[in-house]
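Nothing in this text is a laboratory measurement; each read-out follows from the coordinates by a stated rule. Since this is a predicted model, take the numbers as computed values, not measurements. Neighbour counts are summed over all protein chains in view; Cβ atoms, including those assigned to glycine, are modelled from backbone coordinates with ideal geometry.
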Amino acid sequence: MNNPFKGTGIAIVTPFNSDLTIDHKALAAIVEYNIEKGTNYIVISGTTGESVTVTKAEKKDIIKTISDTNKGRLPLVLGIGGNNTAAVLEEIKTTDLSGFAGILSVSPYYSKPTQEGIYQHFKAVSEASPVPIILYNVPGRTASNMTPETTLRLAKDFDNIVAVKEAGNNMSQYLHLLRDKPEGFGIISGDDDLVLGVTLAGGDGVISVIGQALPEDFSKMISLGMKGHAKEAYKIHFKLMEITSLIFSENNPAGIKAVLENLNLCNDSVRLPLVPATKVLKQKIDNFLKAYNKR
């Protein structure tokens, strides 16, 4: 086992035109922007990509746009997960994964399985996947926490389960994982606000939301953290604290899309049941970015 996903990964948005069709030009621009500014890998079709309201055909088009723009420069990770194990296995088997370094697979949501149910689900995913797997624990969305014991059991039992994106916003759970993980298994933060502490404690970096908007500083912070340079890294962390909080204050990805709109990378359209950021939030974001750019 050797986790290849280190540093700053981004959970890329799916930009929409005003008519809510996919804005492929903006998507390509965001990919290029992140490559130029130091992002280490890109995760496609995650929560931030509004995967639950993107059709199968659209998902294929998104993959093509990102792959064509990337041209092999950064590793790509594809989100394939759900609460219907048979459907997840079918998607894995019918998707061309030859251009992907791995898949990100969310712990089953809504059904609220037991820990044994979660284990058996990912056992089946492991047996079906031809590429490395990043587990994704996000109890705030799934209504079910994958415990450290279950994560570590999976890590020890299946060689192609190489990392977990842990997004429980629970530092104690991170430390449990970092203390007991097998050699080479990656602990990746899914919490932008906690990632520096996790990285300094031995984590492998982040799959970030805010990182795609401010990749230069965010990637530098993660790099410093992975080298143990806490003082320099925290200087950047403190600069980013306000915007990291703001983008999650209403819903994700409305917040990050408001930031990207401010940066002229895409507009702020989201698909229902999500709604765009309010004028109040947009003004706070604008105030932050104006001050940030003067530093």
**Study point:** Unmet criterion (only one of (1) more than 19 Å from N3 (Cβ to Cβ); (2) in a loop (DSSP other than H, G, I, E, B)) for E149
**Key:** (2)
Practice item. Mind telling me which of the residues I243, I207, I256 ends up being assigned to a strand (DSSP E or B) and within 24 Å of P15 (Cα to Cα)? Key: I207
**Study point:** Residue satisfying condition, being among the hydroxyl-bearing types (S, T, Y) and closer than 23 Å to L274 by Cβ, within set T114, T147, T65
**Key:** T65
Review point. Taking the stretch 95-125, which residues are crowded, with 22+ Cβ neighbours inside 10 Å and either within 17 Å of K156 (Cα to Cα) or polar (S, T, N, Q) (or both)?
Key: S105, S107, I118, H121, F122, V125
**Study point:** Of the criteria (1) more than 19 Å from the chain's Cα centre (by Cα); (2) closer than 21 Å to V31 by Cα, which one K294 fails
**Key:** (2)
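How many residues does the stretch 19-44 hold that are outside any loop (DSSP other than H, G, I, E, B) and without any contact (Cβ under 8 Å) to a residue 24 or more places away in the chain? So that I can check it myself, show each step before the final result.
Initially, the stretch 19-44 is screened for residues outside any loop (DSSP other than H, G, I, E, B), giving 22, 24-37, 41-44.
Retained after the next criterion (residues that are without any contact (Cβ under 8 Å) to a residue 24 or more places away in the chain): 25, 36.
Of the residues in the stretch 19-44, 2 are outside any loop (DSSP other than H, G, I, E, B) and without any contact (Cβ under 8 Å) to a residue 24 or more places away in the chain.
For the stretch 126-140, name all the residues that are within 15 Å of N83 (Cβ to Cβ) and buried (at least 23 other Cβ atoms within 10 Å of the Cβ).
At the first step, the residues of the stretch 126-140 found to be within 15 Å of N83 (Cβ to Cβ) are 135-139.
L135, Y136, N137 - these are the residues of the stretch 126-140 that are within 15 Å of N83 (Cβ to Cβ) and buried (at least 23 other Cβ atoms within 10 Å of the Cβ).
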Check your understanding: In the stretch 76-94, what residues are surrounded by fewer than 17 Cβ atoms within 10 Å (Cβ to Cβ) and either among the aliphatic types (A, V, I, L, M) or in a loop (DSSP other than H, G, I, E, B) (or both)?
Key -> N84, A86, A87
Revision key, fill the gap. When the stretch 210-240 is checked residue by residue, the ones that are surrounded by 16 or more Cβ atoms within 10 Å (Cβ to Cβ) and assigned to a loop (DSSP other than H, G, I, E, B) are A213, L214
